[in-house]
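First comes the structure, then the notes that go with it.
The values are calculated or read from the model by the stated rules, or taken from the named source; none is laboratory data. Computed from a predicted model, the values in this text were never measured in an experiment. Reconstructed Cβ throughout: ideal geometry from the backbone, glycine too, with neighbour counts over all protein chains shown.
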Amino acid sequence: MSHGLLQESAYQNHELISKFLNVWEVEELNLVMIKGWSIGGEVLHEKYGIMLDRVDKHFEEGSRLSVYIRYELFDAITVSYLFKLFKKLNHYHRKEKKILVNWIVQETDSEVFDSGNDFKQLCEFPFFVIVE
């Protein structure tokens, strides 16, 4: 009986882990994808810090970057890193780098939708809020 409970608990933990923040970079496609629950302290600092450094390294030789963002949930720490990311992307856009951001949101998630539209106002490059 406890074996079944252990399996159920492991499954639930896997489901939670899969919802947390994932950041993928596909260099050959000039693509960054950010997806999931962006909440919690140190993990966010590490993941976003690495991502911001990689954007700089990407533009040492690269001339374009597409960013796809699909949050289910995010916190104030995430907002501060998004400000840094969009400021950095504005900088590279002014240096004639081609940048595109797609902010993907569930139709029923008005907070994430509104946040995407707020960020869009800060960006000098194409930024689309896409409702699924």
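Listing for the model above:
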quantity	calculated
Every residue from region 24-51 that is assigned to a strand (DSSP E or B) and touching a His at 6+ places or on another chain (Cβ under 9 Å)	GLU25, VAL32
The listed residue being β-branched (Val, Ile, Thr) and either loosely packed, with under 13 Cβ neighbours inside 10 Å or touching a Ser or Thr at 6+ places or on another chain (Cβ under 9 Å) (or both), out of VAL101, VAL67, VAL129, VAL112	VAL101
Test: residue in region 24-37 that is closer than 17 Å to PHE128 by Cα, surrounded by 16 or more Cβ atoms within 10 Å (Cβ to Cβ) and small (Gly, Ala, Ser)	no
Candidates VAL101, VAL32, VAL131, filtered to the one that is of a type in the set (Val, Ile, Thr), at pLDDT 95 or above and under 12 Å from the mean Cα position of the chain (by Cα)	VAL101
Top-ranked residue of region 85-98 - restricted to ones that are within 15 Å of the chain's Cα centre (by Cα) and among the basic types (Lys, Arg), ranked as surrounded by the most Cβ atoms within 10 Å (Cβ to Cβ)	LYS88
Every pair of residues 6+ apart whose Cβ atoms lie under 8 Å, when the first sits in region 119-130 and is of a type in the set (D, E, K, R) while the second is assigned to a strand (DSSP E or B) and surrounded by 13 or more Cβ atoms within 10 Å (Cβ to Cβ)	LYS120/TRP103; LYS120/PHE127; LYS120/VAL129
Cβ pairs under 6 Å, 6+ apart, first in region 75-92 and at pLDDT 95 or above, second of a type in the set (Asp, Glu)	ASN90/GLU124
The lone exception for ARG54 - which of (1) outside any helix (DSSP H, G or I); (2) out of contact with any Leu (no Cβ under 8 Å at 6 or more places or on another chain); (3) surrounded by 13 or more Cβ atoms within 10 Å (Cβ to Cβ) it fails	(1)
Restricting region 82-100 to residues that are of a type in the set (A, V, I, L, M, F, W, C) and touching a Leu at 6+ places or on another chain (Cβ under 7 Å), the residue that is farthest from ILE50 (Cα to Cα)	ILE99
Hits in region 68-96 (condition: part of a strand (DSSP E or B) and within 21 Å of LYS57 (Cα to Cα))	TYR68, ILE69
Any pair with Cβ under 7 angstrom, 6 or more apart, that starts in region 35-46 at a residue that is in contact (Cβ under 8 Å) with a residue 24 or more places away in the chain and ends at one that is among the β-branched types (Val, Ile, Thr) and surrounded by 12 or more Cβ atoms within 10 Å (Cβ to Cβ)	SER38/THR78; GLY41/ILE77; LEU44/ILE77; LEU44/THR78
Selected residue (criterion: farthest from PHE59 (Cα to Cα)) from residues of region 97-132 that are part of a helix (DSSP H, G or I) and aromatic (Phe, Trp, Tyr)	PHE113
